[in-house]
Amino acid sequence: MHCPFCQHVDTRVIDSRVSDDGATIRRRRECEACGERFSTMETIELKLPAIIKSDGRREHFDARKLRQSFDRALHKRLASEEQIEAAVRAVIHQLRMTTERELPSRRVGEFVMAELRKLDHVAYVRFASVYRSFQDVADFREELDRLERDLPGEGQLPLLGGEVVPFDTRSGKGRKR
C-alpha cells in the first residue's frame, strides 16, 4: 500500500483489530520511508446486485445513497448511529442474500421500510410517504391505521418511569400508572 504522505510503495502493518460487528478490520500502518502512521480499513468485497430504477435505468448499488435515505427519514429522531448503521447493514445483508444480479429499486425500498418500521415509526411513515407517493391526508391515515393494526400491544413509553401504558393515537391520550 502506498503511503498517503510521501507516496512510498512500502508500508508495514503494526497493528490489526477486528471491528465489533466482525465486518471490518482496522489496520494501523507505518511508512518505511518517512515513518508516518495511518489507518486503513479492510472489508469483504461482495458483488451486490445492480438496481433497476423505476424508469428502467440500471445503477450500481450505492451504500451512501442507502445511508442518506436512512438519515433523511431519521432526521431529528432519537436513533443512535449504531442503530442506523445496523439497519443499513441489515438492508445490505438482505441484498446479498437475494443472490440475484439485478433488483428493482422498489424491492430495496421495501427492505428499507422494514428496517425503519423496527427502528422508528415516525421515520417509517416519513419514508413511506415519499416512497409510496402519498397524495393526501387519507393516505397518511391509512398507513397509520395499518401500522397500528400490525403492532398490537405496543404502547407509549412513560417519560418518568412506571409501566408502559397504551397510547390512543386518535385522541392523543395516554396515562402513566
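The values are calculated or read from the model by the stated rules, or taken from the named source; none is laboratory data. Since this is a predicted model, take the numbers as computed values, not measurements. In this analysis, Cβ positions are derived from the backbone assuming ideal geometry, glycine residues included, and neighbour counts consider all displayed protein chains.
Points to keep in mind about this one:
- Verdict on residue 108 being surrounded by 14 or more Cβ atoms within 10 Å (Cβ to Cβ) and in contact with a Phe, Trp or Tyr (Cβ under 7 Å, 6 or more places away or on another chain): no
- Odd one out for residue 76 among (1) farther than 23 Å from residue 144 by Cβ; (2) more than 10 Å from the chain's Cα centre (by Cα): (1)
- Of the helices (runs of 4 or more DSSP H) that lie entirely inside region 75-143, those containing 3 or more residues that are of a type in the set (D, E, K, R) span 81-97, 105-119.
- Every test in (1) surrounded by 14 or more Cβ atoms within 10 Å (Cβ to Cβ); (2) at pLDDT 90 or above; (3) out of contact with any helix residue (DSSP H, G or I) (no Cβ under 8 Å at 6 or more places or on another chain) is passed by residue 174 save one, and that test is (2).
- Considering region 7-24, and only residues there that are at pLDDT below 95 and among the hydrophobic types (A, V, I, L, M, F, W, C), the residue that is surrounded by the most Cβ atoms within 10 Å (Cβ to Cβ) turns out to be 23.
- All positions within region 119-147 that are farther than 20 Å from residue 90 by Cβ, surrounded by 11 or more Cβ atoms within 10 Å (Cβ to Cβ) and either outside the structural domain of residue 84 (by TED's automatic domain parsing) or among the aliphatic types (A, V, I, L, M) (or both): 130, 144
Conditions tested, residue by residue: (1) under 16 Å from residue 111 (Cβ atoms); (2) not assigned by TED's automatic domain parsing to the domain that holds residue 103; (3) not hydrophobic (A, V, I, L, M, F, W, C).
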| residue | (1), (2), (3) |
| --- | --- |
| 2 | no, yes, yes |
| 32 | no, yes, yes |
| 62 | yes, no, yes |
| 70 | yes, no, no |
